[in-house]
Amino acid sequence: MIVFSARGWMFPVLALLILMAAALVWAGHRTAVERRIRIGCGLLKLAGLLTLAFCLLEPMQLGQRARPGANVFALMVDGSQSLRVKDAGQSESRGEALRRQLTNDTGGWQAALDESFQVRRYTFDSHLQDVRDFGALEFDGNATALEHALRTAAERWRGQPVAGVLVFTDGNATDASPDLAALENCPPVYPVVIGSAAGLRDIALDKVTVSQTAFEDAPVTVQAEVSARGFAASDVNTRLLEITAGASNIVAQQTKPARDNESALNFRFQLQPDKPGLHFYQVETRAREELGRAAAESREATLSNNGQTVVVDRGQEPFRVLYVGGRPNWEFKFLNRALSADPQVHMVALIRVAKREPKFDFRGRAGESSNPLFRGFGQTDDETARYDQPVIERLNTEGEFELRGNFPKTAEELFRYHAVIVGDLEAEFFTHDQMVLLQRFVSERGGGFLMLGGAESLRQGNYAGTVIGSLLPVYLDRPVTAKLPSKWKFNLTHEGKLQPWARLRPTEAEEEERLQSMPPLEVLNALLGVKPGASVLATVSDPDGNNFPALVVQRFGLGRSAALMIGDLWRWGMQNENAQKDLAKTWRQLVRWLVSDVPARVSVHAETGADGDPARVRLVVKVRDEEYKPLDNATVQLTIHPVSLSQGAAAQDQQLTTDASPNQPGTYVSDYLATGPGASTAEAVATQTDGKVIGRSAAGWAVDPAAAEFRSLQPNRAYLESLAKRTGGEVLTLDSLRDFVRQLPQRHAPIMESWSKPLWQEPSVYLFALCCFVAEWGIRRWKGLP
């Protein structure tokens with residue numbers, strides 16, 4: 001901004017301008033050549049006089065700048081291993097080139113920065129560190145925790161006048177968040193992009209995900225996303241290896257072509273671990289022609305991003321299922337036979353073989369009060385059912401006391417199960433308290449509930465308006481008034497075919513062929529209303545094409561409930577041997593889905609990369625009491641067992657204690673710092689105050705910092721641009737640093753000062769006026785004008 005101090009000269013200057021304009025007009029009356037010369041000379045003289053007149057007004061230039069030495073400016077340098085990569089055609093790595101420029105102060109920008117700011121220097125990898133200079137940088141960090149470093153620095157600088165941060169990095173942050181919300185209070189960040197994407201050759205595992213389903217043939221799916229740069233027309237081989245006792249065995253492998261120099265390939269593996277518990281698998285990918293070659297012979301920029309270890313948890317103890325049936329029927333027979341072949345499911349059954357009878361009916365021998373059905377079994381009257389009680393048989397119980405009182409009456413009894421199945425049993429069998437307990441079992445304990453169709457199930461069992469009726473995913477108060485046929489055709493809906501546990505064949509065509517081969521069914525509890533949020537996975541249709549829901553599921557509180565309106569699914573199994581196998585598989589998959597997400601009393605979860613450190617694992621243990629409410633006064637002990645991924649001596653186990661979480665009831669936390677890459681398991685044992693063991697749980701994880709650090713070798717400029725925009729900075733290059741630092745004092749800073757400069761005292765101003773006068777005089781003398 002320019003202001004004038006001597007405004008009293010304003011009118012004389014205006015008068016001078018008017019006179020000079022008149023002189024130029026008068027010069028226009030000469031001949032054409034002379035007119036042009038005189039006008040040019042007049043303009044030169046006018047410029048000189050205007051300059052002097054400008055000085056008479058005493059112009060002052062005013063502005064603001066960062067007060068020298070009052071503000072802080074930070075330099076943060078990425079010290080992670082990813083800067084050891086050499087760009088195409090370069091003799092030194094990215095890190096070596098950066099260290100040389102920082103140490104030698106190429107361009108002198110660091111010295112200029114020191115003149116105007118308090119410069120603070122840092123390096124960061126998994127943590128932020130203060131340094132005097134950057135000469136000792138080794139680039140050996142196992143992470144690029146950029147956001148964690150910025151948050152840590154912002155906490156240190158709280159209340160200090162920080163003008164900005166220069167961050168030297170390739171932008172491949174291992175703790176990158178999608179919205180950068182945690183950096184709202186960070187000072188302006190000016191990322192300096194290190195490295196180039198041109199000419200890089202690399203095959204990398206971008207992402208590996210593991211998903212488990214109740215689909216019996218392939219309960220575990222491993223999905224690997226692979227990127228191939230610079231390997232056009234090459235075949236990429238990806239294989240899955242199982243790690244057991246220090247050895248690795250190839251489970252499956254696939255090969256796909258990289259069609260261009262920027263290829264994204266997806267590999268999908270399906271497997272079925274033969275035992276429960278934790279399983280470790282290694283996913284590896286390389287160009288097929290380089291299989292078996294040493295790292296030094298590879299064309300890739302690095303092999304550190306070619307492998308990743310994943311963990312599959314198949315559970316420890318078998319899931320316990322309680323079946324309650326109103327009569328021994330074929331449905332229970334096939335269900336029990338199917339689950340007996342599943343080592344992960346144990347079904348306990350209560351089967352009513354006779355209903356409750358009045359005391360005065362069908363009396364036995366004189367003085368006999370027990371039911372004669374039990375006569376001859378050597379049982380006393382106290383052990384046998386009375387006339388006024390139903391006759392119920394217990395099957396597959398763990399001991400003589402399990403379900404001794406028939407259906408559980410307390411949460412402690414019922415909550416030990418993972419799922420409850422009710423088959424062909426009327427509502428009157430349950431007391432109101434038992435119904436409420438069953439509802440709590442699903443909504444609070446997170447259990448599964450399934451009601452099967454039959455003559456005394458659903459609406460026919462008078463469940464409408466009951467607590468159990470509210471638990472079901474269908475409405476029971478909407479009767480079907482039309483006459484129903486005696487034959488029904490079973491079909492899966494589109495949503496049902498998308499559920500891996502609901503189908504039996506790998507392809508849609510094969511599944512459709514299987515459904516068409518099923519025999520017609522005859523027992524259906526016809527219902528019309530499906531509750532909001534519920535999903536219809538299967539229907540039955542009559543010969544006229546009318547459809548009724550057959551299998552409906554929904555979430556209910558923390559658990560899930562389902563209703564199977566068919567009462568004679570066993571007819572399918574009577575068709576032939578293959579159909580019997582399909583029926584058994586259907587039952588197993590349905591029950592596995594029912595119990596798949598049911599929590600245990602003790603559960604442990606491993607969170608890798610805690611606090612932005614890829615070597616830090618946070619172990620979170622949740623403990624519940626007998627009613628599955630959070631338990632705060634427990635003692636939790638953790639045992640860490642490293643898993644050997646190669647031949648050699650096994651590492652020693654390590655004991656950890658836990659601290660109760662101050663924010664989450666029943667939660668206990670402990671941090672484990674891995675000393676190097678590898679896989680480990682943690683066993684949590686929770687005990688009560690009296691020393692009684694509540695339960696045990698295990699979790700596994702794999703730590704491989706290099707896999708995340710080298711996941712992408714090309715600079716992530718898009719991420720750095722988002723970071724700069726979020727904080728009010730801009731993206732720079734090494735070549736632009738000198739100009740940036742020169743202009744930096746003119747940018748906004750926390751502490752600014754005003755400055756003024758008298759332009760009329762500048763020698764260059766008078767020199768310009770003198771040059772104008774001399775040029776005007778020289779032209780007139782040259783042309784011979786007076």
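Which members of the range 536-572 meet the condition of being part of a strand (DSSP E or B) and surrounded by fewer than 17 Cβ atoms within 10 Å (Cβ to Cβ)?
S541, N547, R555
Within the range 679-707, which residues are closer than 25 Å to L631 by Cβ, touching a residue at least 40 places away in the same chain (Cβ under 8 Å) and among the charged types (D, E, K, R)?
Correct list: E683, R696.
Restricting to the range 405-429, name every residue that is open to solvent by 50 Å² or more (accessible area, probe 1.4 Å) and closer than 18 Å to D625 by Cα.
Once the filter is applied, which keeps residues that are open to solvent by 50 Å² or more (accessible area, probe 1.4 Å) and closer than 18 Å to D625 by Cα, the range 405-429 yields K409, T410, E412, E413, R416.
For (1) in a strand (DSSP E or B); (2) at pLDDT below 90, each residue gets a yes or a no:
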{"residue": "A53", "(1), (2)": "no, yes"}
{"residue": "Q64", "(1), (2)": "yes, yes"}
{"residue": "L75", "(1), (2)": "yes, no"}
{"residue": "Q90", "(1), (2)": "no, yes"}
{"residue": "G95", "(1), (2)": "no, no"}
{"residue": "A112", "(1), (2)": "no, no"}
{"residue": "F134", "(1), (2)": "no, no"}
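Restricted to the range 282-317, and to residues that are among the charged types (D, E, K, R) and either in contact with an Asp or Glu (Cβ under 6 Å, 6 or more places away or on another chain) or not in a loop (DSSP other than H, G, I, E, B) (or both), which residue is farthest from A419 (Cα to Cα)?
Result: E297.
Within the set of pairs 6+ apart or on separate chains, which have a first residue in the range 251-271 that is open to solvent by 80 Å² or more (accessible area, probe 1.4 Å), a second that is hydroxyl-bearing (S, T, Y) and modelled with pLDDT of 95 or more, and C-beta atoms under 8 Å apart?
Correct list of pairs: Q253/T238.
Quick check on my filter: what residues within the range 272-297 are among the basic types (K, R) and buried (at least 19 other Cβ atoms within 10 Å of the Cβ)?
Answer for the range 272-297, where residues must be among the basic types (K, R) and buried (at least 19 other Cβ atoms within 10 Å of the Cβ): just R286.
Quick one: which strands (runs of 3 or more DSSP E) sit completely within the range 140-246 and have at least 1 residues that are within 23 Å of T608 (Cα to Cα), in contact (Cβ under 8 Å) with a residue 60 or more places away in the chain and over 23 Å from the mean Cα position of the chain (by Cα)?
234-244
Inspect the range 68-77 for any residue being in contact (Cβ under 8 Å) with a residue 40 or more places away in the chain, among the small types (G, A, S), within 24 Å of Q714 (Cα to Cα) and in contact with a Ser or Thr (Cβ under 8 Å, 6 or more places away or on another chain) and give the result as yes or no.
No, the range 68-77 has no match at all.
Among the numbered criteria (1) in contact with a Leu (Cβ under 7 Å, 6 or more places away or on another chain); (2) under 21 Å from N237 (Cβ atoms), which single criterion is violated by D313?
(2) is the only condition that D313 fails.
Out of all the residues in the range 269-281, is one or more part of a strand (DSSP E or B) and of a type in the set (D, E)? Reasoning before the result, please.
Of the range 269-281, the ones part of a strand (DSSP E or B) are 269-271, 278-281.
With the extra rule that they be of a type in the set (D, E), the set shrinks to none.
No, because not a single residue in the range 269-281 is part of a strand (DSSP E or B) and of a type in the set (D, E).
Name the residue, out of R717, R726, that is touching a Cys at 6+ places or on another chain (Cβ under 9 Å) and over 25 Å from T608 (Cβ atoms).
R726
Scanning the range 318-341 for residues that are assigned to a loop (DSSP other than H, G, I, E, B) and touching a strand residue (DSSP E or B) at 6+ places or on another chain (Cβ under 9 Å), which turns out nearest to K585 (Cα to Cα)?
P318
Considering each residue of the range 457-474, count those that are assigned to a loop (DSSP other than H, G, I, E, B) and either open to solvent by 10 Å² or more (accessible area, probe 1.4 Å) or of a type outside the set (G, A, S) (or both), and give that number. Write out each step before concluding.
The first filter runs over the range 457-474 and keeps only residues assigned to a loop (DSSP other than H, G, I, E, B), leaving 457, 462-466, 472-473.
Imposing the further condition that a residue be either open to solvent by 10 Å² or more (accessible area, probe 1.4 Å) or of a type outside the set (G, A, S) (or both) reduces the set to 462-466, 472-473.
Within the range 457-474, residues that are assigned to a loop (DSSP other than H, G, I, E, B) and either open to solvent by 10 Å² or more (accessible area, probe 1.4 Å) or of a type outside the set (G, A, S) (or both) number 7.
Wholly within the range 598-706, which strands (runs of 3 or more DSSP E) include no fewer than the required count, namely at least 3 residues that are small (G, A, S)?
678-687, 693-703
Among the candidates L583, L558, L551, which residue alone is in contact with a strand residue (DSSP E or B) (Cβ under 8 Å, 6 or more places away or on another chain) and touching a residue at least 24 places away in the same chain (Cβ under 8 Å)?
Result of the check over L583, L558, L551: L551.
Go through the residues of the range 304-322 one by one and say whether even a single one is surrounded by fewer than 21 Cβ atoms within 10 Å (Cβ to Cβ), farther than 22 Å from I243 by Cβ and modelled with pLDDT of 90 or more.
yes
Identify the residue in the range 65-93 that is of a type in the set (A, V, I, L, M) and surrounded by fewer than 19 Cβ atoms within 10 Å (Cβ to Cβ) and, among all such residues, is farthest from the chain's Cα centre (by Cα). Even if it seems obvious, please write down each step before you answer.
The initial filter retains those residues of the range 65-93 that are of a type in the set (A, V, I, L, M), namely 66, 70, 72, 74-77, 83, 85, 88.
Applying the additional criterion that residues be surrounded by fewer than 19 Cβ atoms within 10 Å (Cβ to Cβ) yields 70, 88.
Numbers: A70: 43, A88: 33 Å.
Only one residue fits best here, namely A70.
Is it the case that some residue within the range 691-702 is of a type in the set (A, V, I, L, M, F, W, C) and over 30 Å from P318 (Cβ atoms)?
No, because not a single residue in the range 691-702 is of a type in the set (A, V, I, L, M, F, W, C) and over 30 Å from P318 (Cβ atoms).
Can you work out which of the residues in the range 707-761 that are small (G, A, S) and part of a strand (DSSP E or B) is most open to solvent (accessible area, probe 1.4 Å)?
If we take residues in the range 707-761 being small (G, A, S) and part of a strand (DSSP E or B), then S754 is most open to solvent (accessible area, probe 1.4 Å).
Look through D611, D597 and report the one residue that is surrounded by fewer than 23 Cβ atoms within 10 Å (Cβ to Cβ) and either under 26 Å from I421 (Cα atoms) or of a type in the set (G, A, S) (or both).
D597
Table: residues versus (1) in contact with a Pro (Cβ under 6 Å, 6 or more places away or on another chain); (2) more than 24 Å from G399 (Cβ to Cβ); (3) free of Cβ contacts under 8 Å to residues at least 24 places away in the same chain.
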| site | (1), (2), (3) |
| --- | --- |
| V312 | no, yes, no |
| G315 | yes, no, no |
| F332 | no, no, no |
| L339 | no, no, no |
| R352 | yes, no, no |
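In the range 574-588, is there at least one residue being under 30 Å from S126 (Cβ atoms), open to solvent by less than 20 Å² (accessible area, probe 1.4 Å) and out of contact with any Lys or Arg (no Cβ under 9 Å at 6 or more places or on another chain)?
No - not one qualifying residue is present in the range 574-588.
Does any residue of the range 488-510 turn out to be exposed (fewer than 14 other Cβ atoms within 10 Å of the Cβ), of a type in the set (G, A, S) and within 22 Å of N578 (Cβ to Cβ)?
Scanning the range 488-510 turns up at least one residue that is exposed (fewer than 14 other Cβ atoms within 10 Å of the Cβ), of a type in the set (G, A, S) and within 22 Å of N578 (Cβ to Cβ).
Can you name every residue in the range 413-456 that is of a type in the set (F, W, Y), outside any loop (DSSP other than H, G, I, E, B) and more than 22 Å from G399 (Cβ to Cβ)?
F429, F449
The values are calculated or read from the model by the stated rules, or taken from the named source; none is laboratory data. Because the structure is predicted, anything quoted here is derived from the model rather than measured. Every residue, glycine among them, receives a Cβ derived from its backbone with ideal geometry; neighbour counts consider all protein chains shown. Only protein heavy atoms, including side chains, enter the accessible area calculation; ligands, DNA and RNA are left aside. Shrake-Rupley method; radii C 1.70, N 1.55, O 1.52, S 1.80 Å.
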